[in-house]
1. Using modelled amide H (1.01 Å from N, peptide plane; none on Pro or chain starts), what sits under 5 Å from the amide H of R162, excluding residues fewer than 5 places away?
2. Among A314, T135, F256, which residue has its Cα furthest toward the positive end of the charge dipole of the chain, with +1 on Lys/Arg Cβ and -1 on Asp/Glu Cβ?
3. If you count the DSSP beta bridges with both ends in the chain, what percent of them are antiparallel, to the nearest 5?
4. Evaluate the distance, in nm, between pseudo-label points positioned 7 Å from the Cα of S115 and of E58 along their respective Cα→Cβ axes.
5. Working out 0.36 nm times the residue gap between E279 and D344, then minus their Cα-Cα distance, what length gain in nm do you get to one decimal?
6. Defining a contact as two alpha carbons under 8 Å apart and six or more residues distant in sequence, what relative contact order in percent does the range 245-334 show?
7. Spelling out what I want: for every residue of the range 310-318, take phi, set θ = phi - 60°, compute 6.51 cos²θ - 1.76 cosθ + 1.60 (Karplus), and round to whole Hz; glycine and proline get x.
8. At a Förster distance of 35 Å, what's the computed FRET efficiency of E307 paired with A51, Cβ-Cβ distance as r, to 0.05?
Amino acid sequence: MQQPAEQTRPITLLGIESSCDDTAAAIVRANGSRGEILSNVVSGQTDLHAAFGGVVPEIAARAHAEKIDLMVEAALAEAGVSLGDLDGIAVTAGPGLIGGVLSGVMCAKGLAMGSGLPLIGVNHLAGHALTPRLTDGLAFPYLMLLVSGGHCQFLVVESADRFHRLGSTIDDAPGEAFDKTAKLLALPQPGGPNVEREAESGNPKAFALPRPLLDRPGCDMSFSGLKTALLRARDGLIERDGGLRRGDRADLCASFQAAVADVLTAKGRRAIAAYLEREPAEPVLAVAGGVAANATIRHQLQTLCAETGLRFTAPPLALCTDNAAMIAWAGIEIARLGHVDGMDLAARPRWPLDTRQTGILGSGKKGAKA
Ligand code: KG4
Ligand code: ZN
């Protein structure tokens with residue numbers, strides 16, 4: 001089949017990402033439907049925030065402002081290209097911590113103005129949601145579970161600018177809950193990998209933690225009650241035994257992880273049913289976000305896909321977590337639809353992907369929810 005002309009012309013974009021605690025820049029080239037990452041550099045801020053138990057917006061904004069042009073220079077150098085070789089500049093324009101988003105948008109505007117290149121504002125969530133097209137060439141529509149420290153939503157990705165949100169967390173994101181659980185059990189941050197490691201030797205049935213919102217229809221989820229239930233279970237043990245015994249911590253971690261996995265699986269089953277009503281030719285569930293690295297969660301979702309006839313896919317971890325290659329790629333897809341921004345591009349702390357639906361209330365440790 002012949003591709004439209006704008007899809008066959010090679011296009012090379014610089015991507016810039018600074019919406020949370022990673023300052024990132026990347027160069028991506030698309031040739032037809034294939035994308036190639038020429039460079040992808042990230043400077044994380046974990047050490048800067050470690051003492052505070054979460055991302056401190058002011059510290060994050062300052063670190064982004066200090067690092068962002070260095071990251072852009074590194075991405076250009078690593079890819080062996082100059083600004084003159086680019087077709088445009090894509091930047092995360094939200095949602096996220098406003099100081100960080102502003103750093104990226106200001107940097108991108110300066111570069112676009114100086115070079116005369118087009119500027120493309122990208123929704124951070126669209127970056128995550130379109131990544132499986134860069135890594136696996138997925139066809140629309142596919143089902144996406146975005147599950148990280150800041151986000152948790154089931155989306156039907158219909159095109160590069162059309163997303164249908166089937167459900168999302170109404171409070172904490174699962175990664176946030178993993179991180180808080182680690183804190184409650186004196187495990188190091190980031191909580192996810194440490195809770196998972198501890199859970200390996202625990203009994204997932206030791207504590208009957210709740211599976212919130214399963215009694216309600218739809219795909220919305222809640223994880224903040226789970227953390228409170230874990231706190232109660234921990235304090236109950238301390239009161240009874242005078243402290244946590246060997247194995248208690250592992251049992252608490254395993255029980256918590258099982259509850260998160262069960263909620264994602266049960267709501268995933270409903271999301272799959274809603275997605276299949278659209279009769280996709282090649283049904284696929286793609287997962288992205290740091291929590292997608294969890295083996296138990298992954299295994300349960302894979303089993304669910306096998307049962308319901310979906311292919312399961314997850315981008316490599318470096319492209320699952322925050323990065324700028326996903327922003328450059330999403331910029332390419334959006335530019336191909338004819339969307340370009342002007343110097344009035346705004347930095348937006350909130351920016352729901354599905355504009356036909358109301359936004360999600362609340363604010364997570366990594367900024368406002370979309
Ligand atoms: O996507 P990500 O790098 O950043 C954003 O939140 O945007 O995700 C980080 C989150 C953290 O909350 C971390 O604890 C969680 O992902 N995480 C995990 C695992 N690895 C990272 N959660 C559960 N199991 C893991 N193996
Ligand atoms: Zn993200």
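1. none
2. F256
3. Details: 32 of 49 bridges.
Rounded to the nearest five, the antiparallel share is 65 percent.
4. With each label point 7 Å from Cα toward Cβ, the separation is 3.4 nm.
5. Separation in residues times 0.36 nm, less the Cα-Cα distance, equals 19.4 nm.
6. Details: 58 pairs, mean separation 26.7, N = 90.
The normalised contact order for the range 245-334 reaches 30 percent.
7. 9, 7, 10, 8, 9, x, x, 3, 4
8. 0.20
Read the figures in this text as sums done on the coordinates, not as results from a lab. Computed from a predicted model, the values in this text were never measured in an experiment. Using ideal geometry, Cβ is built from the backbone for each residue, glycine included, and neighbour counts are taken over all protein chains shown.
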